[in-house]
Amino acid sequence: MYSSTISRNHRRIPAVIKKAVRTFFMYAFLILFAYVMILPFLWMLSTSLKEMQDIFKIPIQWIPDPIVWANYPGVFKTVRMDLGYLNSLEIAVASTAGTLITCAMAGYGFSKLRFRGQAPLFGALLITMMIPGQVTLIPMYLIFKQFGWINTYLPLIIPAVFCNAFGVFMFRQFYFSIPDSLLDAAKIDGCSPPGVFFRIIIPQSKGIFATMGLFSFMGSWNAFLGPLIYINKKSMQTLPLMMASFRATGGQSSTRWAELMAISCIAVVPVLILYAATQKYYVRSIVITGMKN
Amino acid sequence: MFLLVCIITFILCEEEYMKIFKICAVIALAPSLTLAACRGRTESGNEKITLRYETLSEGRQTAAIEEMLAHAAEVNNVNIEFEPVTGSWWDMIQKVVAQVAAGDAPDIIRLAESNLTLVAANDYVIDLGPRIAKLDPNEYYMYTFRPYAGKQIMVPVGIYSQALFYNRDMFAKAGIEEPRGYDNPWTFNEFRAAAKALTSGSGASKVYGFAIPFDPAKWSGFMWGNGADYHDANGMPSLNSPEFKEICQFFVDLVRADGSMASPANAQAISPWDLFASGKSAMVITGQWDIINVKAITDFKTGVAASPYNPGNRDKGAFAAEPIFLDGYCITSGAAYPDKAWDVIMSLVDDTSCEIMVKNGIFGWPVNRRWAEAHQDTLFTPPIDADQIEALMGLEWTRNWPALETWNETEMAITKYFQLMTLGEMSVNDACEALQRETLPLYQR
Amino acid sequence: MAHVRAKKSKLGREDRIWGTIFVVPQVLGAATFMLFPILFSLVLCFAEWKFAGNPRLIGFANFRAIFSSPTFYVSLRNTLLFVVIVVPMTVLFSLSFAMLLDHKIIGRTFFRTLYFLPNVTSSVAASLVWVWIFDPDFGMLNGLLSRFGIPPMQWLYNMRMVIPSISVVIVWMTIGNNIIIFLAGLNNISQTLYEAAEIDGANWWQRFFRITVPMLSPTIFFVMIMGFIGAFQIFNEPYMMTNGGPGEASYTLVLWLYFIGFRYFRMGEAAVVSWVLFLLIAAVTFIQFKFQNRWVNYDV
């Protein structure tokens, strides 16, 4: 009894220092890496406000001198940003909504239900991620041509919704962390699997919905090759296609960095807003998943 | 494997699941099939022919292209559907081959040289030779109607040539005589000395004498300047010729011995043009596509001159040479109305279209010779800050480039070994011999 | 007893029916969109195809061409090297950042946003800035090193350093997403478990290995599987930063098959490379799934 009090006292004083040191290193670590994380983004921002000849000045002018706002109107003059925004939003919202539904369903099916052929089917889904897209590009085009989907947004939305092994896998892994005891209780009470899904699983999976929603949105929002291949009409172009029109063509032009960065900055906004909106689902609260015992 | 998995699943499944599968299949496929049926129906009753035109379109080209198409549509009484592609030519070729594979290619495609040889060799586009033969040779720059894989498949849009752009302030400060035009171009020795004298600083304050894109097509001017070539008269690679080794050694010396040329590493980080524009390189080789950027430079005065050459190799055909770059209109093999498409193409290189091109500063030098020569003085208006603007007009200072199916692979191999040479991983001699050994089988297939 | 069994079997039946229904949209979608492309690429392995017309069967010529090319072995080696470097680094860094950012530290939202920024930075800008950081003359990295008296060196334009250098960039680009995945996973671990452990006197390491890792293991497993699949297919970064150079020092299998397919128009050979790659990935994934029982904790 006596000795234990002593030792506790002994430990307490260094513990404070230890904690301070740990906190210090934690912040040092975070700040150091934050610098690396943010550097390209800062460059993007500051370049969007520069004249051509200042862009590659060394040392880098982080605050442009002079500040050139004209790059932003310049972008709007060159491409129909408003159209691009709407087009990209249409695709991203549609595919995100669809993806969340189908992937959550399949993730639940593959994790919490037992049925025949479960393992081979899941394996087959994983296989779809293992073949490089370069080889499947043209056969996919042939399929969409057969469906008459060329020059529509369907090739950009439907496969993302109905052929998304990444999403299924992610939902599956997260649903494993929902205790079976919780589901079993509901089942014994006469809840059918869809009932369990809607009443227990979905309320439990806000975080994963937020995560997948964000990923899915970003995936569609930044997709370049798909829209490039399947979209012909100028009025249907998405934002990444418009961005590409400021890039060097690999021969007879130079990249227009200032305007490219300006359009990139404008394009980032919805993703950042979405990120901010999903933030609250990652803040730890006292979650009910600990109801195991 | 996937099929097997599916079949196994179906066998394993009890009948009730089969039913569910079938129902779901119908539910999933019905809307898509309906949609397909709706999209498949085309409008009828429209008398006008509709042609599809696909092109790589940089942001600032789009409006001008649309204007040209409107003109062509009006002249030929057709509808033209404009299908712009953004990105690089390499991005575009992926789309083109997908369309070709699906039998869905547009009628007219604008393609660049890097894509043209394979497109020609595999008959994606029709041979325009007979049609081109009927053109008036005084009307166009006929030498630009090059054969690709043996066929004339393209009507050039415009001609880009390269030239040596330089920072006049730096030359004045270093007290070095400026480079000269095609009547009396710099020699390699003068060029090397100047580049070395213009190089200064180290680390962040480094200024290079010279920068050039490390793209074999773009330094072919220097190669011809030394009397070398990628191919011999029989169309076989000649990448181990003494002249070719010399010019490689010349570049390796600039990079490694003098440090006066931006190495491929620097050129990757900051493109040669961007190095020049930000005052980090005194000279750069670039093409007419950058004139619009040259005009935007306010920090220093710019000049333009001819590329240097090696007078010692004049007997081997060395001259101050510039590569020219072309892109042009092709008609695809699946086009329903090739004659109409040809008429449209002709309207896209007529006087009105040339005016639109030049007004918007796109597509380089017009292929329409009669019009271009009549408007020679105003082609690059407002004129750039240079005495020797004629350096940009050195269209005749070029050499024919045998466009072979194997070019893309050869180009890749040259780039690869060039990097190894400038890194010092391989001696120039070894690298050139290895290059020849590696490329020769491609041509013997 | 019989009653319970009847109830169980009824539950099992329900599970079977509803399980099938729940996965059907995805399975059907995969069958519709991926079955044909995968079979098509398998056929292409034995064929010559220049995009126009039908593939012409040529037996094993494509295999001979690929396996006799030295570039194949270089690309394979590079790809494996990328995998070996990138996957552990990604998991390690994203997990440690996620754990730091999961703490109730001051400015947590701020830091979380900063660490998310690589995800939204345009990839063109990001690769340019990184190439710039690595530049031997103007680069920030050499600038920084020179302050400590370390002589400048080549990073990307160096046969031996190029893969580690690009790996850094790939890790940089991928950890943002993985941090989010881990944060969502950490969020699911009940705080009460930690509190209980603290009362039992467990120190940080014990808590980490006894609670965090087991509870997070399904997520770690997911990140690892996806990391392997992604790392085997690395294409974009070498394509944008070095185009495979210097020499062939940063060729990956996917970069090479892209060149073969779309620059040299030899789709058959590209298909062979893709199937080699596919078999590699499938084997690695299979092994991971086989061994998951040893460490992944699905029994919550």
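The values are calculated or read from the model by the stated rules, or taken from the named source; none is laboratory data. Note that the coordinates shown come from a computational prediction; the quantities given were computed from them, not determined experimentally. With ideal geometry, Cβ positions are generated from the backbone for all residues, glycine too; neighbour counts draw on all protein chains shown. Just so you know, the surface numbers come from the protein's heavy atoms only, side chains and all, with ligands and any DNA or RNA stripped out. Shrake-Rupley method; radii C 1.70, N 1.55, O 1.52, S 1.80 Å.
Restricting segment A:130-156 to residues that are more than 9 Å from chain C (Cβ to nearest Cβ) and β-branched (Val, Ile, Thr), which is nearest to the chain's Cα centre (by Cα)?
Per the stated criteria, the residue is A:152.
Among the helices (runs of 4 or more DSSP H) confined wholly to segment B:107-176, which include 2 or more residues that are touching a residue at least 60 places away in the same chain (Cβ under 8 Å), in contact with a strand residue (DSSP E or B) (Cβ under 9 Å, 6 or more places away or on another chain) and within 29 Å of residue B:334 (Cα to Cα)?
Numbers: elements: B:113-121, B:129-133, B:168-174.
In segment B:107-176, B:113-121 are the helices (runs of 4 or more DSSP H) which contain 2 or more residues that are touching a residue at least 60 places away in the same chain (Cβ under 8 Å), in contact with a strand residue (DSSP E or B) (Cβ under 9 Å, 6 or more places away or on another chain) and within 29 Å of residue B:334 (Cα to Cα).
When you scan segment B:181-200, how many residues do you find that are open to solvent by 50 Å² or more (accessible area, probe 1.4 Å) and not in a helix (DSSP H, G or I)?
To start, the set of residues in segment B:181-200 that are open to solvent by 50 Å² or more (accessible area, probe 1.4 Å) comprises B:183-184, B:189-190, B:192-193, B:196-197, B:200.
Checking which are not in a helix (DSSP H, G or I) leaves us with B:183-184, B:200.
Of the residues in that region, 3 qualify.
Given (1) outside any strand (DSSP E or B); (2) closer than 20 Å to residue B:169 by Cα; (3) over 22 Å from the mean Cα position of the chain (by Cα); (4) in contact (Cβ under 8 Å) with a residue 12 or more places away in the chain, where does residue B:298 come up short, assuming only one miss?
(4)
Out of all the residues in segment A:210-225, is one or more over 21 Å from residue A:129 (Cα atoms), assigned to a helix (DSSP H, G or I) and touching a residue at least 60 places away in the same chain (Cβ under 8 Å)?
Filtering segment A:210-225 for residues over 21 Å from residue A:129 (Cα atoms) gives A:210.
With the extra rule that they be assigned to a helix (DSSP H, G or I), the set shrinks to A:210.
Okay, now just the ones that are also touching a residue at least 60 places away in the same chain (Cβ under 8 Å), so A:210.
Within segment A:210-225, one or more residues are over 21 Å from residue A:129 (Cα atoms), assigned to a helix (DSSP H, G or I) and touching a residue at least 60 places away in the same chain (Cβ under 8 Å).
Based on this model, can you work out whether residue C:119 counts as part of a helix (DSSP H, G or I), open to solvent by 20 Å² or more (accessible area, probe 1.4 Å), polar (S, T, N, Q) and modelled with pLDDT of 85 or more?
So residue C:119 passes the test.
Kindly indicate the residue of segment B:401-445 that is of a type in the set (Lys, Arg) and part of a helix (DSSP H, G or I) and also surrounded by the most Cβ atoms within 10 Å (Cβ to Cβ) among those meeting that condition. Talk me through it step by step, then tell me what you get.
Pass one, segment B:401-445, residues of a type in the set (Lys, Arg): B:416, B:437, B:445.
Next cut, part of a helix (DSSP H, G or I) only: B:416, B:437.
Details: B:416: 23, B:437: 12.
Among them, the one singled out is B:416.
Keeping to segment B:201-212, report how many residues are in a strand (DSSP E or B) and out of contact with any helix residue (DSSP H, G or I) (no Cβ under 8 Å at 6 or more places or on another chain).
Taking segment B:201-212 and keeping what is in a strand (DSSP E or B), we get B:207-211.
Checking which are out of contact with any helix residue (DSSP H, G or I) (no Cβ under 8 Å at 6 or more places or on another chain) leaves us with none.
The qualifying residues number 0.
Out of B:212, B:247, I need the residue that is open to solvent by less than 10 Å² (accessible area, probe 1.4 Å), in contact with a strand residue (DSSP E or B) (Cβ under 6 Å, 6 or more places away or on another chain) and under 16 Å from residue B:186 (Cβ atoms). Which one? Full working, then the answer.
Details: B:247 fails: in contact with a strand residue (DSSP E or B) (Cβ under 6 Å, 6 or more places away or on another chain).
Result: B:212 is the single residue among B:212, B:247 that is open to solvent by less than 10 Å² (accessible area, probe 1.4 Å), in contact with a strand residue (DSSP E or B) (Cβ under 6 Å, 6 or more places away or on another chain) and under 16 Å from residue B:186 (Cβ atoms).
Going by what's in this entry, would residue C:198 be described as away from chain A (no Cβ under 11 Å) and either in contact with a Leu (Cβ under 8 Å, 6 or more places away or on another chain) or closer than 30 Å to residue B:115 by Cβ (or both)?
no
Quick check on this structure: which one of B:149, B:172 is surrounded by fewer than 24 Cβ atoms within 10 Å (Cβ to Cβ) and at pLDDT 90 or above? Steps first, answer last, please.
On the way: B:149 fails: at pLDDT 90 or above.
Selected residue: B:172, the only one of B:149, B:172 that is surrounded by fewer than 24 Cβ atoms within 10 Å (Cβ to Cβ) and at pLDDT 90 or above.
Restricted to segment C:140-169, and to residues that are under 27 Å from residue C:75 (Cβ atoms), open to solvent by less than 30 Å² (accessible area, probe 1.4 Å) and within 14 Å of chain A (Cβ to nearest Cβ), which residue is nearest to the chain's Cα centre (by Cα)?
Among them, the one singled out is C:169.
Listed here are the residues, each with its yes/no results for (1) in a helix (DSSP H, G or I); (2) at pLDDT below 90; (3) among the β-branched types (Val, Ile, Thr).
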{"residue": "C:138", "(1), (2), (3)": "no, yes, no"}
{"residue": "C:143", "(1), (2), (3)": "yes, yes, no"}
{"residue": "C:155", "(1), (2), (3)": "no, yes, no"}
{"residue": "C:193", "(1), (2), (3)": "yes, yes, no"}
{"residue": "C:207", "(1), (2), (3)": "yes, yes, no"}
{"residue": "C:222", "(1), (2), (3)": "yes, no, no"}
{"residue": "C:231", "(1), (2), (3)": "yes, no, no"}
{"residue": "C:239", "(1), (2), (3)": "yes, no, no"}
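Have a look at C:243, C:203, C:188, C:178 and point out the one that is within 19 Å of the chain's Cα centre (by Cα) and open to solvent by 20 Å² or more (accessible area, probe 1.4 Å). Before the answer, list the steps.
Numbers: C:243 fails: within 19 Å of the chain's Cα centre (by Cα); C:203 fails: within 19 Å of the chain's Cα centre (by Cα); C:188 fails: within 19 Å of the chain's Cα centre (by Cα).
Matching residue, one of C:243, C:203, C:188, C:178: C:178.
Does residue B:132 fit the bill of being of a type in the set (A, V, I, L, M, F, W, C) and closer than 22 Å to residue B:404 by Cβ?
Details: of a type in the set (A, V, I, L, M, F, W, C): yes; closer than 22 Å to residue B:404 by Cβ: yes.
In short, yes.
This table checks each residue for (1) open to solvent by 10 Å² or more (accessible area, probe 1.4 Å); (2) in contact (Cβ under 8 Å) with a residue 60 or more places away in the chain; (3) more than 14 Å from chain C (Cβ to nearest Cβ).
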residue	(1), (2), (3)
B:270	no, no, no
B:275	no, yes, no
B:308	no, yes, yes
B:312	yes, no, yes
B:338	yes, yes, yes
B:348	no, yes, yes
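Checking residue C:207 against (1) facing another protein chain (nearest Cβ under 8 Å); (2) touching a residue at least 12 places away in the same chain (Cβ under 8 Å); (3) out of contact with any Lys or Arg (no Cβ under 9 Å at 6 or more places or on another chain): exactly one of these is not met. Which one?
(1)
So, residue C:132, is that one part of a helix (DSSP H, G or I), crowded, with 19+ Cβ neighbours inside 10 Å and within 20 Å of the chain's Cα centre (by Cα) or not?
On the way: part of a helix (DSSP H, G or I): yes; crowded, with 19+ Cβ neighbours inside 10 Å: yes; within 20 Å of the chain's Cα centre (by Cα): no.
So residue C:132 fails the test.
Considering only residues that are closer than 22 Å to residue A:157 by Cβ and crowded, with 23+ Cβ neighbours inside 10 Å, which ones fall in segment A:93-108? Walk me through it before giving the result.
Just the residues of segment A:93-108 that are closer than 22 Å to residue A:157 by Cβ, to begin with: A:93-107.
Listed by number, the residues that qualify are A:95, A:96, A:99, A:102, A:103, A:104, A:106, A:107.
Being part of a loop (DSSP other than H, G, I, E, B) and without any contact (Cβ under 8 Å) to a residue 40 or more places away in the chain is the filter here, so list the residues in segment C:35-86 that pass it. Don't jump to the end; show me each part of the working.
Within segment C:35-86, the subset part of a loop (DSSP other than H, G, I, E, B) is C:45-46, C:51, C:58-60, C:68-69.
Matches in segment C:35-86: C:59, C:60, C:68, C:69.
Quick one: count up the residues across segment B:87-124 that are in contact with an Asp or Glu (Cβ under 9 Å, 6 or more places away or on another chain), open to solvent by 10 Å² or more (accessible area, probe 1.4 Å) and small (Gly, Ala, Ser).
Of the residues in segment B:87-124, 3 are in contact with an Asp or Glu (Cβ under 9 Å, 6 or more places away or on another chain), open to solvent by 10 Å² or more (accessible area, probe 1.4 Å) and small (Gly, Ala, Ser).
What number of residues in segment C:25-82 are more than 9 Å from chain A (Cβ to nearest Cβ), surrounded by 20 or more Cβ atoms within 10 Å (Cβ to Cβ) and hydroxyl-bearing (Ser, Thr, Tyr)?
Residues in segment C:25-82 being more than 9 Å from chain A (Cβ to nearest Cβ), surrounded by 20 or more Cβ atoms within 10 Å (Cβ to Cβ) and hydroxyl-bearing (Ser, Thr, Tyr): 2 in total.
Just to be sure I understand, how many residues within segment A:205-222 are open to solvent by 30 Å² or more (accessible area, probe 1.4 Å) and touching a Leu at 6+ places or on another chain (Cβ under 7 Å)? So that I can check it myself, show each step before the final result.
Of segment A:205-222, the ones open to solvent by 30 Å² or more (accessible area, probe 1.4 Å) are A:206, A:209, A:219, A:222.
Then drop every residue that is not touching a Leu at 6+ places or on another chain (Cβ under 7 Å), which leaves A:209.
Qualifying residue count, segment A:205-222: 1.
In segment A:55-75, which residues are open to solvent by less than 50 Å² (accessible area, probe 1.4 Å) and either within 29 Å of the chain's Cα centre (by Cα) or at pLDDT 85 or above (or both)?
A:64, A:68, A:71, A:74, A:75
Is there a residue in segment C:260-281 that is within 14 Å of chain B (Cβ to nearest Cβ), open to solvent by 30 Å² or more (accessible area, probe 1.4 Å), within 30 Å of residue C:53 (Cβ to Cβ) and touching a residue at least 40 places away in the same chain (Cβ under 8 Å)?
Looking through segment C:260-281, at least one residue is within 14 Å of chain B (Cβ to nearest Cβ), open to solvent by 30 Å² or more (accessible area, probe 1.4 Å), within 30 Å of residue C:53 (Cβ to Cβ) and touching a residue at least 40 places away in the same chain (Cβ under 8 Å).
Between A:274, A:241, A:225, which is open to solvent by 10 Å² or more (accessible area, probe 1.4 Å), within 9 Å of chain B (Cβ to nearest Cβ) and either in contact with a helix residue (DSSP H, G or I) (Cβ under 6 Å, 6 or more places away or on another chain) or aliphatic (A, V, I, L, M) (or both)?
Numbers: A:274 fails: within 9 Å of chain B (Cβ to nearest Cβ); A:241 fails: open to solvent by 10 Å² or more (accessible area, probe 1.4 Å).
Result of the check over A:274, A:241, A:225: A:225.
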